[in-house]
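Have a look at the structure below, then the notes.
All of the numbers you see were taken from the coordinates with simple rules; none came from a lab. Owing to the predicted nature of the structure, the values given are computational and were not obtained by experimental measurement. Cβ: placed from backbone, ideal geometry, glycine included. Neighbour counts: every protein chain shown.
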């Protein structure tokens, strides 16, 4: 049986760091606004400092507790239910980021639970199934992946970057064995061979991460830098 920690190690530091910098920025901003409104320096400092501390308390006390304990505890309980018993029987590991990963018939699979929120209706819960593969020939196989993508009996398969993913048609209560076996039959028919996650990460994954880092860097603007204090703003994608 999979066992993972409800509270992820070190996560509180991320909440604390975000709230510290965000609260400091808002505190400085409110201090300046207060000064411009001709409040006294002492009153302005109190306003700015109170907002700074308030942001930290809210992020850590409310945000961290809600997201990293209560919501995760509820999600973990669902992932340990009978719905995912096949994955547990095949020794799939439950990752701390709440997705399953394992080997089935030599192919490396990931099962990623997703939730789609709906207004005034019950949330839709489904899974995305992914498998990694390598080609029987070297070179640029991107056109081949485009041609392979499309509608299959299993669902709409998307091939890209040596990873195939799809939402199974039986998404409400997926039969993982049938979905895995069906996907493997397609991969074998197309001569797409098993590719381990470690191999994928060290090649394709590394390249994609470098491209993403460069893209994020291009959208990042420095707002304030004083010594080790470095506040940056990342523009949203168009």
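Seen against the Cα atoms of the chain and their longest principal axis, helix 176-189 is set at about 70 degrees.
Pairwise Cα distances in region 86-195 exceed 23 Å in 30 percent of cases. In this structure, residue 201 and residue 149 have a Cβ-Cβ separation that, at R0 = 25 Å, corresponds to a calculated FRET efficiency of about 0.65.
For the chain, the longest principal axis of the C-alpha atoms and the axis of helix 11-36 are separated by about 40°. Extending 7 Å from the Cα toward the beta-carbon at both residue 193 and residue 3 defines two label points whose distance is 3.9 nm. Compute the helix-to-body angle for 206-218: its Cα long axis versus the longest principal axis of the chain, expressed 0 to 90° and rounded to tens. Helix 206-218 sits at roughly 30 degrees to that axis.
Quick one: plug the Kirkwood hydrodynamic radius of the chain (C-alpha pairs) into Stokes-Einstein at 25 °C, 0.890 mPa s, and report D in µm²/s. After rounding, the answer is 113 µm²/s. For region 1-98, what log10 I(q)/I(0) values come out of the Debye formula at q = 0.18, 0.25 1/Å, with one point per alpha carbon and no solvent? Log10 I(q)/I(0), no solvent term: -0.82, -1.13. What the Cβ-Cβ distance of residue 115 and residue 210 gives, at R0 = 25 Å and to the nearest 0.05, is a FRET efficiency of 0.25. Translational diffusion coefficient of region 24-64 (Stokes-Einstein, Kirkwood radius from Cα pairs, 25 °C, 0.890 mPa s): 239 µm²/s. Shown is the FRET efficiency for residue 135 and residue 175, computed with R0 = 25 Å from the Cβ-Cβ distance and rounded to the nearest 0.05: 0.30.
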